[in-house]
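We did not get these values from a lab; they are worked out from the coordinates using the rules stated. These figures come from a predicted structure and were not determined experimentally. As a convention, Cβ positions derive from the backbone with ideal geometry for all residues, glycine included, and neighbour counts pool all protein chains shown.
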């Protein structure tokens with residue numbers, strides 16, 4: 001039988017002598033891609049590539065039919081060199097004679113070397129192993145190595161082969177989809193571990209202050225957003241707390257928030273505070289941001305070792321909420337609020353001294369907590385609404401994690417669903 005002539009894309013089966021002319025009427029439908037990247041074979045004329053050293057003597061019957069009764073196209077190759085030329089994207093399945101010689105020295109020690117070669121050559125194609133019925137052990141090993149199924153030469157007929165081809169193609173599609181799903185899950189798990197690792201762990205060893213925090217990214221299925229916070233205690237006993245918000249909601253903003261948080265922690269532990277600290281953070285932001293329009297708001301608090309007073313710096317950020325026994329919760333002064341980081345070169349951020357008292361709770365938050373809507377109208381909750389909400393929950397005896405959880409949940413309920421902006425809330429309590 002003459003060697004087949006390589007052609008671009010599909011080669012009509014009639015040219016190989018394996019199907020009648022009626023099988024190539026040009027009426028086959030285009031391949032329909034699935035969402036998983038594989039092909040919908042129900043709407044495609046299947047093509048088989050037979051690799052056998054004597055295709056003319058093959059027991060394959062002239063007509064193979066797919067599940068819908070359409071003829072299956074057949075191409076033939078007498079060796080691996082011909083097979084490589086004929087292995088185009090429209091081939092769905094390969095029927096490989098395991099008795100073929102494999103290239104290289106591996107064939108001397110590996111009886112499945114030819115199969116391994118084809119699997120490397122055609123990783124996206126279904127493969128059927130063809131061998132003698134007395135070679136059942138090698139046939140089973142071929143499936144373990146990567147073939148979708150095996151067939152015995154002396155038991156082969158057209159109906160069996162047609163069914164095996166359809167099964168192999170669908171099994172390959174299923175295996176590919178399952179592998180991609182597993183890879184997607186693995187990437188999601190790795191991303192989740194990475195994002196959890198980027199969230200802060202407070203460094204408050206030796207402090208009597210109690211810490212609580214809540215964090216809800218606005219991005220769907222994300223663990224990390226553009227909001228960021230941190231709390232550390234320096235060797236002199238001062239507790240430093242910070243919360244900030246990078247404008248925007250994408251992964252770039254989340255990454256920039258992490259960079260600013262890490263820079264803040266390093267600078268704070270190095271002894272910087274107030275205006276000097278914020279000025280250095282602005283330099284970090286200007287260097288790391290991908291767009292000159294990107295800015296970040298920030299609130300920093302440094303609480304004296306005795307816990308009764310604090311310094312407050314605001315860079316375009318909402319003022320913290322202070323709650324003390326016997327007094328209504330109220331916002332700290334924000335008259336000296338400086339500009340957001342990244343807006344004005346050479347900006348200054350005044351540090352305000354705040355008296356806290358003997359027992360208190362201090363809540364720092366991002367604007368995602370106050371910009372949710374109230375009801376079906378366009379009205380925002382705002383800072384006044386947030387203050388009233390927290391006052392009521394404090395009067396009900398809520399504290400710490402319970403207070404933050406209730407506050408965030410109620411803001412979400414008032415919004416009528418999930419908040420679209422990132423939300424970060426940090427709470428420090430001093431209870432003598």
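Key figures for this structure:
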| quantity | calculated |
| --- | --- |
| Pairwise FRET efficiency - residue 175 versus residue 392, Cβ, R0 = 56 Å, nearest 0.05 | 0.45 |
| Global geometry of the stretch 232-292, whether rounded, prolate or oblate, following the gyration tensor of its Cα atoms and the 1.5 cut on a/c | prolate |
| Length-normalised contact order of the stretch 199-430 in % [C-alpha pairs under 8 Å, at least 6 apart] | 25 |
| Extension reserve of the residue 154-residue 379 stretch, reckoned as 0.36 nm per residue once the Cα distance is removed | 73.1 nm |
| Euclidean distance of C-alpha centroids, the stretch 296-352 and the stretch 75-132, integer Å | 71 |
| Segment residue 288-residue 163, extension gain: residue separation times 0.36 nm, minus the distance between their alpha carbons | 39.1 nm |
| Chain lengthening between residue 68 and residue 304 when straightened (0.36 nm per residue, less Cα-Cα) | 77.0 nm |
| Using a Förster distance of 51 Å, the FRET efficiency for residue 111-residue 262 (Cβ separation, nearest 0.05) | 0.35 |
| Rounded D (µm²/s) - the stretch 204-337, Kirkwood Rh over Cα pairs, Stokes-Einstein at 25 °C, 0.890 mPa s | 155 |
